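The values are calculated or read from the model by the stated rules, or taken from the named source; none is laboratory data. Quick caveat, the model's predicted, so the values are computed rather than measured. With ideal geometry, Cβ positions are generated from the backbone for all residues, glycine too; neighbour counts draw on all protein chains shown.
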Amino acid sequence: MLTQAPLLLSWAGLASSLCSCQQPGEWRASFCKLDAPVSSVSLRKSGDYIITLGTQFAGLNWKKKTVTTIQHVDKDKSNNRFNDGKVDPAGRLFAGTMAEEIRPAVLERQQGSLYTLFPDHSVVKHFDKVDISNGLDWSLDHKTFFYIDSLSYSVDAFDYDLQTGKLANRRSVYKLEKEEGIPDGMCIDTDGKLWVACYSGGRVIRIDPEAGKCIQTVKLPVSATTSCSFGGKDYSELYVTSACQGMDDAALSQEPKAGNIFRITGLGVKGIPPHSYAG
């Protein structure tokens, strides 16, 4: 999962248990090695980061390289871990869980849930029976929550109450075509359109959630595109992560850039600055 502040690119590496940061213009990133899979990293208003680590919500002090557990979830499911997460406009962190994968997109199904960590460190579970909890974001007016459970091959929407953080009235706004792959990470642009990274599809698609249509496709030189986030000084650059886990030497020789982060320019749209966790 990617987080983009104007002058900082941060990303989480699940397989490596690394949290990474890079300043624009610098060719070398700095890393923090953690003791469990880290699946999302978000900014905190108080400084440093809030992360999802294994099945923990945790604070990360970057300078000291220390982690402080805030809350545990799914305590009865030892094979679970968090996946994607993002902070809402009110400063709450939304993140969902899933079972550990046997291989990419193959796992025990319906083991995950979607949670919110509130600024007071309380946790609410919204629903369970999730396969692979993934991309999430909010509409420009903050009245709609968009969400991806990957193996449903759907981008869903909920009515959203910004004051309480409650969800209602789930419905599908876009069903992916077979050739588009598996929906993974997601972000929104200033036109209210959704950008979805398509795992196994080698692309990012732009969706009009009101029309229920794909209106743009950006193909990449890798198949396992995993997440996307706008960044740069004016949020006009789209950063896309990719994976190489599960690929043998033959597959890697066909996709030598697998596992890289890509920067896409010239799209003619801009993204939304990330929100910071208020706790």
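At-a-glance table
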quantity: Failed item, numbered, when Lys86 is tested on (1) modelled with pLDDT under 95; (2) part of a strand (DSSP E or B); calculated: (1)
quantity: Matching residues, segment 188-201, being closer than 26 Å to Cys244 by Cβ and either among the charged types (D, E, K, R) or crowded, with 18+ Cβ neighbours inside 10 Å (or both); calculated: Leu194, Trp195, Val196, Ala197, Cys198, Tyr199, Gly201
quantity: Strands (runs of 3 or more DSSP E) wholly inside segment 105-223 containing at least 1 residues that are charged (D, E, K, R) and modelled with pLDDT of 95 or more; calculated: 123-130, 133-138, 144-149, 154-161, 166-175, 182-188, 203-208, 213-219
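Here is a yes/no grid of residues against (1) surrounded by 13 or more Cβ atoms within 10 Å (Cβ to Cβ); (2) over 18 Å from Asp137 (Cα atoms); (3) touching a residue at least 12 places away in the same chain (Cβ under 8 Å); (4) in contact with a Phe, Trp or Tyr (Cβ under 8 Å, 6 or more places away or on another chain):
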| residue | (1), (2), (3), (4) |
| --- | --- |
| Met186 | yes, no, yes, yes |
| Arg203 | yes, yes, yes, no |
| Arg206 | yes, no, yes, yes |
| Gly212 | no, no, yes, yes |
| Val218 | yes, yes, yes, no |
| Tyr239 | yes, no, yes, yes |
| Gly271 | yes, no, yes, yes |
| Ala278 | yes, no, yes, no |
